[in-house]
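One structure below.
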Amino acid sequence: MIGRLTKPVFRGRRAASSALIVSGALLLIGSATSVARGAIARDAARARWAEIEAARAVAGAKLSTGGARWSEGRGTPVGRLTIPRLGLDEVVVEGVGDAELRAGPGHMIGSVLPGDSGTSVISAHRDRHFHALGGIAVGDTVVTESAHGTVVWKVTRMRVVNAEDSALEARTTPTLMLTTCWPIRYLGPAPERLIVEAVPKSSTTGDGRRATENGAAITGRH
Amino acid sequence: MHSLGRAALAAMMIVGAGTAKAQITTFVASPPRKTEPAQQAAAQQREKVAQDSVARVAMTGMKEWVDSASAALAIRPDTVPTAADTAVGTPRVATAPAPKSDSSANARASERQSEFRNGARAPNTATPIPMIALAGVLLIVMGMALRRRERSASVRVQR
């Protein structure tokens with residue numbers, strides 16, 4: 001009698017355990033696939049950026065993309081972002097949609113490219129490309145390369161704002177804004193955003209002229 | 001035999017053509033002719049636009065001119081659909097956008113959110129991937145725990 005009653009229970013438990021394991025495996029495979037696709041897209045963006053840099057080296061002047069702007073296709077590499085102290089080195093792609101942010105930090109469409117007059121906004125996932133941004137501090141150096149040349153930025157301000165806040169301001173002077181979700185080391189929803197603001201310390205234009213913080217131009221290649 | 005087959009084919013064609021015609025006529029029926037009031041309304045609108053364009057020449061204020069131009073554009077006769085434009089024959093308002101589905105509206109909203117303007121929100125950069133992976137690990141652990149418990153219970157029953 002006991003055996004008859006326990007058999008279906010065992011079968012049910014076995015089926016339930018199998019279902020749990022299979023579901024868990026599917027979820028793991030799904031997330032691993034997403035990460036793998038991101039890695040592939042990142043490699044592709046890096047390869048494309050390397051081609052652009054090579055073309056620039058051959059041309060000896062400006063990027064062959066001819067000043068990639070917001071009108072460029074989404075997902076196109078438009079720059080490179082480096083934060084030496086944090087070991088962050090990423091190729092920036094155009095757009096901040098899901099597909100673009102999978103490949104790397106995204107340049108927000110409508111904002112200027114780093115180095116141009118105005119606000120340049122670059123965003124990335126907190127658990128991927130901007131995970132290191134949790135360790136950034138005021139005074140840190142950020143380097144960007146784009147169609148406007150190489151710009152060395154100095155972090156001047158960091159703030160955490162609500163996700164719904166209208167926190168991105170259009171400015172007339174060159175300003176770099178790096179944004180990601182906050183808190184960075186946290187699993188789950190992100191009700192806040194970290195915004196890191198930086199101003200140029202010095203820059204090198206595509207034609208090799210170098211400008212310092214006070215705007216004086218220095219000739220010679222960077 | 002052949003003649004029988006031909007007759008059957010001819011019958012099928014006749015019946016099929018009749019059915020097809022019945023279906024198509026609902027779409028290709030000639031649109032209703034323009035009614036008298038519709039023609040009058042279009043003529044009135046054309047006249048009004050002409051009056052506005054004459055009046056705007058006399059205006060000196062830029063603001064007034066812009067307002068006038070926008071009003072004239074809103075009722076341009078070539079943008080007003082006539083009865084022949086639609087099969088059902090119900091005229092639509094020229095400036096009213098076509099109703100969009102919720103998904104396309106959401107897509108446009110997210111598109112706008114991902115474009116920079118003064119006072120824009122910071123993009124959503126949170127991904128559910130870590131949570132999904134964590135849920136997957138938890139499910140596997142639960143499943144394995146259940147299986148282990150079942151094994152130990154079955155051993156007890158066998159004893």
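What follows draws every value from the coordinates through simple rules; no lab data is involved. The model shown is predicted, which means the values in this text are computed figures rather than measured ones. Cβ atoms come from the backbone with ideal geometry, glycine included; neighbour counts cover every protein chain shown.
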Next item on the list: Identify, by number, the condition in (1) within 13 Å of chain B (Cβ to nearest Cβ); (2) in contact with a helix residue (DSSP H, G or I) (Cβ under 6 Å, 6 or more places away or on another chain) that A:Gly97 doesn't meet.
Entry: (2)
Next item on the list: Take the range A:102-121 and flag every residue that is out of contact with any strand residue (DSSP E or B) (no Cβ under 7 Å at 6 or more places or on another chain) and part of a helix (DSSP H, G or I).
Entry: A:Arg102
Check: From the residues in the range A:125-144 that are in a loop (DSSP other than H, G, I, E, B) and out of contact with any helix residue (DSSP H, G or I) (no Cβ under 6 Å at 6 or more places or on another chain), which one is farthest from the other protein chains (Cβ to nearest Cβ)?
Finding: A:Gly139
Check: Taking the range A:164-183 on its own, how many of its residues are closer than 16 Å to B:Pro123 by Cβ and surrounded by 18 or more Cβ atoms within 10 Å (Cβ to Cβ)?
Finding: 9
Notebook entry, point to check: Are any residues in the range A:145-189 within 14 Å of chain B (Cβ to nearest Cβ), β-branched (Val, Ile, Thr) and in contact with a strand residue (DSSP E or B) (Cβ under 6 Å, 6 or more places away or on another chain), and if so, which ones?
Noted result: A:Val160, A:Val161, A:Thr175, A:Thr179, A:Thr180
